[in-house]
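The values are calculated or read from the model by the stated rules, or taken from the named source; none is laboratory data. Bear in mind the structure is a predicted one, so any value in this text is a computation, not a measurement. Cβ coordinates were reconstructed from backbone atoms using ideal geometry, including for glycine residues, and neighbour counts include every protein chain displayed. Ligands, DNA and RNA are stripped out before the accessible areas are found, and what is left, the full protein with its side chains, is counted by its heavy atoms. Shrake-Rupley method; radii C 1.70, N 1.55, O 1.52, S 1.80 Å.
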Amino acid sequence: MKVRKRTLRQEMLLQRMKVSKQSRVKKSAVILERLKALEEIQQAKRVMVYVNFQDEVETKDFIQYLWDKNIEVIVPLSDPKSRELHPSLLYSFEELAPGNFGVLEPIKQAIRIVDVDTLDVIIVPGLAFDRHGGRIGYGAGYYDRFFERTPNATIIAVAFDEQIISEVPMENHDKRIPLIITDQEFIETKFVL
């Protein structure tokens, strides 16, 4: 199983890299519009959203949209010692710098940890997804562990259509995603975390 996952990760990283920058910008804009239209986003007070890294679905315009709507933006802060994610309130892009794994995270003086129970929506990245809510990330399990602490939040994954595959190999600790939004469709998986 671990070998299958590792191979799939490598394949999907290459697959996502093949999406041109121009196409990634267009596809990300479509996904952003779909996200903005969701009732869960319209009614949210606090949305946790990753800051895009490398070839991921771009989220900076979505973060700006949330600020413009007076919705609090929470970003994940990774702790490699505990292998946990911590939700941190973000006020501006200037508060970000490359952190663990090169991902943009709040600088030390801008860390404002919030209670996980106050999160309304969590926007999740990933490398591959299937139509049953299967998700494969980068392999450290940060989000799977985080979902165990956030049973009340609405979990939404965003991905390019190229990232949807027939089946993601799942282990017992892997969590399924109830809603996946791509540039082509909404995939409601009927799974509850």
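Each residue of the range 178-184 is assigned a 3J(HN,Hα), and the resulting list reads x, 9, 10, 10, 10, 6, 10 Hz, derived from the Karplus form 6.51 cos²θ - 1.76 cosθ + 1.60 (θ = phi - 60°), x at Gly and Pro.
DSSP beta bridges confined to the range 60-171 are antiparallel in about 70 percent of cases.
The modelled label-to-label distance between residue 53 and residue 100, using points 7 Å beyond Cα along the C-beta direction, is 0.9 nm. Pick out which of 14, 104, 32 has the largest mean-square fluctuation in a Gaussian network model of the chain, springs linking Cα atoms closer than 10 Å. Top of the fluctuation ranking is 14. Think of it as helices only: each DSSP H run of n ≥ 4 in the chain is worth -39500 (n - 2.57), and spread over all residues that comes to -8000 deg cm²/dmol at 222 nm. For the range 149-193, applying the loop criterion from DSSP together with a ceiling of 15 other beta carbons within 10 Å to the GluC sites (Glu not before Pro) yields 167, 171, 185. When you count the other C-beta atoms within 10 angstrom of each residue and take the mean per peptide, 34-41, 76-83 line up highest first as 34-41, 76-83.
Close amide-amide hydrogen proximity is noted between residue 96 and 107, each under 5 Å apart and 5 or more residues distant or on a separate chain (H modeled in the peptide plane; Pro and chain starts excluded). Quick check for me: using +1 on Lys/Arg Cβ and -1 on Asp/Glu Cβ, what's the dipole size of the range 74-155 about its Cα centre, in debye to the nearest 20? With Lys and Arg at +1 and Asp and Glu at -1, about 220 debye. May I ask you to give the percent of accessible area on the chain that is carbon plus sulfur, with a probe radius of 1.4 Å? The C+S portion of the solvent-accessible surface of the chain is 50 percent.
Highest mean packing first, where packing is the average number of other Cβ atoms within 10 Å per residue, the peptides 106-115, 61-70, 124-133 line up as 124-133, 61-70, 106-115. The antiparallel fraction among DSSP beta bridges confined to the chain stands at about 55%. Across all directions, the average projected area of the convex hull around the alpha carbons of the chain is 10.2 nm². The count of lysine pairs in the range 39-193 whose Cα atoms are under 24 Å apart, excluding pairs fewer than 8 places apart on the same chain, comes to 7. All Cα-Cα distances of the range 10-66, cut into 10 Å bins from zero to the largest, leave 21, 48, 24, 6 percent in each bin in turn.
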